[in-house]
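Below is one structure, written out as structure tokens; the observations come after it.
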Amino acid sequence: MNYEELLESRNGGAMAKESTPFGLLYKKMMANKYANVLDLRDELKDSLVFCDAIAMECEQNRELTHKNQLHFTLSRDSAGLYGVTIEQGTYHTFARLLEDNPAIVAGKDFVEHTMKDLLDLASYLHGKGIFHVCYSPNNVLARKGDHTVMLLFHGSAYQAFRDQELLYGDSVSYIAPEVLEEGTVDARSDVYSLGKFMERLYEQSDIPLELKGVVKKATDPNPDRRYQTPDEMQSAIASRQNTRRSVISLVAALVIAALCFGVYFSLVPEREDIEFVKPAPKQAEEDLLDDGFDPSGLGIAEDTIDTRADAKKMKEYQAKAEQIFRKQFTREADRILSKIYTNDKMGASEKSFKAGSQSTMEELVRAQVKLGNEAGLPDSRSRVVAGQIIDQVTNKLKSQMNQREKEKEKENNKEQE
């Protein structure tokens with residue numbers, strides 16, 4: 001491409017016009033530099049009511065300082081008002097953005113950031129008695145590059161223009177029913193239009209489950225059943241997203257518990273089954289004694305009764321050793337497993353989690369061997385008891401985590417109320 005072709009291509013792109021309810025938006029060469037201009041539709045610029053309204057909004061527009069609000073000046077020639085000049089920057093309609101790049105909706109936090117900016121700006125405008133009325137993608141702009149959402153004209157300035165369908169054209173479906181029927185404009189009518197805009201963002205994909213209820217309530221034909229303010233709508237979105245994250249955290253906790261058991265038992269040696277000799281039936285011994293048989297003739301010591309007493313003491317000793325081991329290992333297992341039941345560990349990457357789980361299980365095995373030896377408990381028995389304790393401690397920590405999530409959700413609900 002030579003220099004002349006490059007200039008022609010640039011100029012062609014600069015002159016590409018986009019349709020908005022108020023007119024055509026494009027770049028125009030003015031004073032040796034490109035400026036953003038919007039040429040008003042003929043039926044609007046020929047209306048004295050509309051011209052008075054846009055002149056009044058131009059004065060009002062200078063006082064608006066929100067970062068998502070665009071500013072403009074009126075453009076006139078010998079024939080009168082023909083359009084407006086918009087502040088520096090490169091902008092296009094949201095309709096063009098979604099048409100050129102429909103996959104952008106699936107981008108990380110794109111919808112969340114877009115709706116948050118719009119709801120924040122709507123709340124700011126309502127505080128000044130201004131209502132946008134129509135959040136159609138053709139009436140909402142986006143800054144090229146970072147896709148930041150921007151607004152220009154606001155519908156409440158044009159309530160004196162009686163034919164709203166003529167004013168907004170194909171975008172009339174984004175306007176609340178009471179505005180078209182009665183001319184009533186308030187915060188609830190903006191909530192309706194914001195809900196329609198949100199619905200349009202998900203036109204090419206399914207609306208997330210937690211947001212379906214928000215869109216349904218916002219676009220209810222009855223204004224009394226909608227969210228009463230943009231802040232209320234934004235709180236509902238945040239609350240439902242927090243609930244979704246809590247469910248994901250709970251599922252992650254269950255996965256962690258399953259992995260912990262798997263890693264632990266993979267590190268514990270397999271238990272070997274030992275075959276014991278079955279003792280002789282007691283009846284046979286009694287029969288021999290009844291026949292006057294003397295066990296001393298077989299070399300059986302007379303202190304057999306003492307041996308049985310020693311076995312009883314050994315059993316009591318082992319029970320005591322197991323009691324000591326249970327108490328000490330429960331305390332160690334609680335300390336060790338608590339390391340992976342934290343917000344940081346729950347939000348860690350899979351690689352980090354596996355490394356942490358491996359380290360935790362190795363530490364549990366070392367504690368089991370050490371405390372079992374100190375208590376004088378056989379290794380086979382200490383492994384069984386340790387497995388029971390790990391199960392109990394894990395269930396306790398999961399229960400505590402669920403309780404904390406419920407308390408946090410209650411606090412969030414109280415703040416929203």
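If A106 satisfies every condition in (1) of a type in the set (G, A, S); (2) within 28 Å of the chain's Cα centre (by Cα); (3) modelled with pLDDT of 90 or more but one, which is the exception?
It fails just one condition, (3).
Between Y91, Y124, which is aromatic (F, W, Y) and either closer than 25 Å to M30 by Cβ or touching a Ser or Thr at 6+ places or on another chain (Cβ under 8 Å) (or both)?
Every option except Y91 fails the conditions.
Within region 192-208, track down each residue that is touching a residue at least 24 places away in the same chain (Cβ under 8 Å) and either farther than 27 Å from L97 by Cβ or assigned to a helix (DSSP H, G or I) (or both).
Hits for region 192-208 are Y192, S193, L194, G195, K196, F197, M198, R200, L201.
Please pick out the residue among L121, L166 that is at pLDDT below 95, of a type in the set (A, V, I, L, M, F, W, C) and part of a helix (DSSP H, G or I).
L166
Take region 174-191 and flag every residue that is in contact (Cβ under 8 Å) with a residue 24 or more places away in the chain and either in a helix (DSSP H, G or I) or open to solvent by less than 20 Å² (accessible area, probe 1.4 Å) (or both).
Passing the criteria: Y174, I175, A176, P177, E178, V179, A187, R188, S189, D190, V191.
So P137 passes all but one of these: (1) in a helix (DSSP H, G or I); (2) out of contact with any Cys (no Cβ under 9 Å at 6 or more places or on another chain); (3) open to solvent by less than 20 Å² (accessible area, probe 1.4 Å). Which condition number does it fail?
Single failed check for P137: (1).
Among all residue pairs at least 6 apart or on different chains, which show Cβ distances below 7 Å where the first residue, located in region 377-405, is surrounded by fewer than 16 Cβ atoms within 10 Å (Cβ to Cβ) and the second is of a type in the set (K, R)?
Here the result reads S380/R271, each pair linking region 377-405 to a residue that is of a type in the set (K, R).
When only residues in region 82-134 that are in contact with a His (Cβ under 6 Å, 6 or more places away or on another chain) and of a type outside the set (S, T, Y) count, which is surrounded by the fewest Cβ atoms within 10 Å (Cβ to Cβ)?
E87
From the residues in region 201-214 that are out of contact with any Ser or Thr (no Cβ under 8 Å at 6 or more places or on another chain) and of a type outside the set (A, V, I, L, M, F, W, C), which one is surrounded by the fewest Cβ atoms within 10 Å (Cβ to Cβ)?
D206
Go through N242, N222 for me and flag whichever is surrounded by 15 or more Cβ atoms within 10 Å (Cβ to Cβ) and either of a type in the set (S, T, N, Q) or at pLDDT below 85 (or both).
N242
The values are calculated or read from the model by the stated rules, or taken from the named source; none is laboratory data. Since the model is a prediction, treat every value here as computed from it, not as a measurement. Because the Cβ atoms are built from the backbone with ideal geometry, glycine has one as well, and the counts that use them run over all protein chains shown. Heavy atoms of the whole protein, side chains included, go into the accessibility calculation; ligands, DNA and RNA do not. Shrake-Rupley method; radii C 1.70, N 1.55, O 1.52, S 1.80 Å.
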